[in-house]
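S.K.: Can you keep this structure in mind? I'll have questions shortly.
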Amino acid sequence: MTTLVSIRNLTKSYQRGPEKVDVLHGLDLDMAAGDFVALMGPSGSGKTTLLNLIGGLDAPTSGEIDVAGQRIDRMGAGQLAAWRSQNVGYVFQFYNLMPALSAQKNVELPLLLTKLGGAQRKRNAQIALELVGLSDRTSHKPSELSGGQQQRVAIARAIVSDPTLLICDEPTGDLDRQSAEEILGLLQELNREHGKTIVMVTHDPKAAEYASHTLHLDKGVLVEQQAHAA
Ligand SMILES: Nc1ncnc2c1ncn2[C@@H]1O[C@H](COP(=O)(O)OP(=O)(O)OP(=O)(O)O)[C@@H](O)[C@H]1O
Ligand SMILES: [Mg+2]
């Protein structure tokens, strides 16, 4: 087993004026390369906070975060931005697509940060859209797509740079049961067949069953680990 994510004694507090909000209290976490982890816990327990730290969107108050041998807690903002663009793909509950752009152009966006030329960007975006089953919707704008299809575009955008780690924050939270199952099946396929390591926050125990195991976050620490049947 190769460890991809190793977190030690992680704390995170937010300062709001005179008030200090302690969210994570000395959390440890190991994720193997090829893992699909579901992260559950009550609202406000710090799930999004933890995802943002693993994905380098925010900096910890203290503690160590090692991803693929790199101490991201020690990186400066510029270094971290470059690291993120190469290593992490994000999928959010409300898709966060650019409304004025086609599916194709939305998926190409992360590639604008790379050295790839226009033709190659286009090809890579087409491959990603094909992988999520949307080859026939590449010129549609988000408003011309269903919720499930918009989330597929968001997943294509998340994988187009071929990141090791996919970070999904309630990716099915806004979808009906059938679309949710399709998205979860797609994530499982990306995990099993394309080797993506995935950490997914969900409030839905049925969604968590698609993962290889579930971690529970409560009162700032991970309290329980539950393996799933393969
Ligand atoms: N920027 C911020 N400033 C101050 N407090 C914050 C900030 N971001 C989050 N918090 C607080 O941190 C705690 C954890 O928030 P977080 O968004 O991580 O919860 P969550 O587990 O993702 O909840 P949910 O299931 O509702 O999405 C909450 O009490 C929240 O109010
Ligand atoms: Mg959240």
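The values are calculated or read from the model by the stated rules, or taken from the named source; none is laboratory data. These figures come from a predicted structure and were not determined experimentally. When we count neighbours, we look across all protein chains shown, and the Cβ atoms used for this are built from the backbone with ideal geometry, even at glycine. To get the accessible areas, we keep the full protein, side chains included, count just its heavy atoms, and leave off ligands, DNA and RNA. Shrake-Rupley method; radii C 1.70, N 1.55, O 1.52, S 1.80 Å.
S.K.: G133: on the phi > 0 side of the Ramachandran plot, more than 16 Å from ligand 2 (Cβ to nearest atom) and either surrounded by 21 or more Cβ atoms within 10 Å (Cβ to Cβ) or modelled with pLDDT of 95 or more (or both), yes or no?
M.R.: Numbers: on the phi > 0 side of the Ramachandran plot: yes; more than 16 Å from ligand 2 (Cβ to nearest atom): yes; either surrounded by 21 or more Cβ atoms within 10 Å (Cβ to Cβ) or modelled with pLDDT of 95 or more (or both): yes.
Answer is yes for this residue.
S.K.: Moving to a separate point now. Name the single residue, out of those in region 153-174 being open to solvent by 30 Å² or more (accessible area, probe 1.4 Å), out of contact with any Ser or Thr (no Cβ under 9 Å at 6 or more places or on another chain) and in contact (Cβ under 8 Å) with a residue 24 or more places away in the chain, that is nearest to ligand 2 (Cβ to nearest atom).
M.R.: From region 153-174, those open to solvent by 30 Å² or more (accessible area, probe 1.4 Å) are 157, 161-162, 164, 170, 173-174; that's our starting set.
Next, from what is left, pick out any that are out of contact with any Ser or Thr (no Cβ under 9 Å at 6 or more places or on another chain): 157, 162, 174.
This time we only want the ones that are in contact (Cβ under 8 Å) with a residue 24 or more places away in the chain, so: 157, 174.
Values: R157: 20, D174: 13 Å.
If we take residues in region 153-174 being open to solvent by 30 Å² or more (accessible area, probe 1.4 Å), out of contact with any Ser or Thr (no Cβ under 9 Å at 6 or more places or on another chain) and in contact (Cβ under 8 Å) with a residue 24 or more places away in the chain, then D174 is nearest to ligand 2 (Cβ to nearest atom).
S.K.: In region 178-186, is there at least one residue being open to solvent by less than 40 Å² (accessible area, probe 1.4 Å), over 23 Å from L24 (Cα atoms) and in contact with a strand residue (DSSP E or B) (Cβ under 9 Å, 6 or more places away or on another chain)? Write out each step before concluding.
M.R.: Keep residues of region 178-186 that are open to solvent by less than 40 Å² (accessible area, probe 1.4 Å), which gives 179-180, 183-186.
Of the ones still in play, those that are also over 23 Å from L24 (Cα atoms) are 179-180, 183-186.
Keeping just the survivors that are in contact with a strand residue (DSSP E or B) (Cβ under 9 Å, 6 or more places away or on another chain) gives 183-184.
Yes, region 178-186 has at least one match.
S.K.: A further question on this structure: In the list L166, L187, which residue meets the criterion of being away from ligand 1 (no atom under 16 Å from the Cβ), assigned to a strand (DSSP E or B) and at pLDDT 95 or above? Quick ask: steps written out before the conclusion?
M.R.: Numbers: L187 fails: assigned to a strand (DSSP E or B).
The match here is L166.
S.K.: Next up: Which residue out of L39, L53, L29 is over 14 Å from T197 (Cβ atoms), within 15 Å of ligand 1 (Cβ to nearest atom) and modelled with pLDDT of 95 or more? Walk me through how you get there before you give the answer.
M.R.: Numbers: L39 fails: over 14 Å from T197 (Cβ atoms); L29 fails: over 14 Å from T197 (Cβ atoms).
Checking each option against the conditions leaves just L53.
S.K.: For region 16-122, give me every one of the helices (runs of 4 or more DSSP H) that falls completely inside it and has 3 or more residues that are open to solvent by 30 Å² or more (accessible area, probe 1.4 Å).
M.R.: Numbers: elements: 47-54, 77-87, 103-108.
Correct list: 77-87.
S.K.: Residue by residue through region 6-15, note down the ones that are open to solvent by less than 70 Å² (accessible area, probe 1.4 Å) and among the charged types (D, E, K, R). Before you say what the answer is, go through the steps one by one.
M.R.: Step one: list which residues in region 6-15 are open to solvent by less than 70 Å² (accessible area, probe 1.4 Å), which gives 6-7, 10-13.
Selection gives K12 alone.
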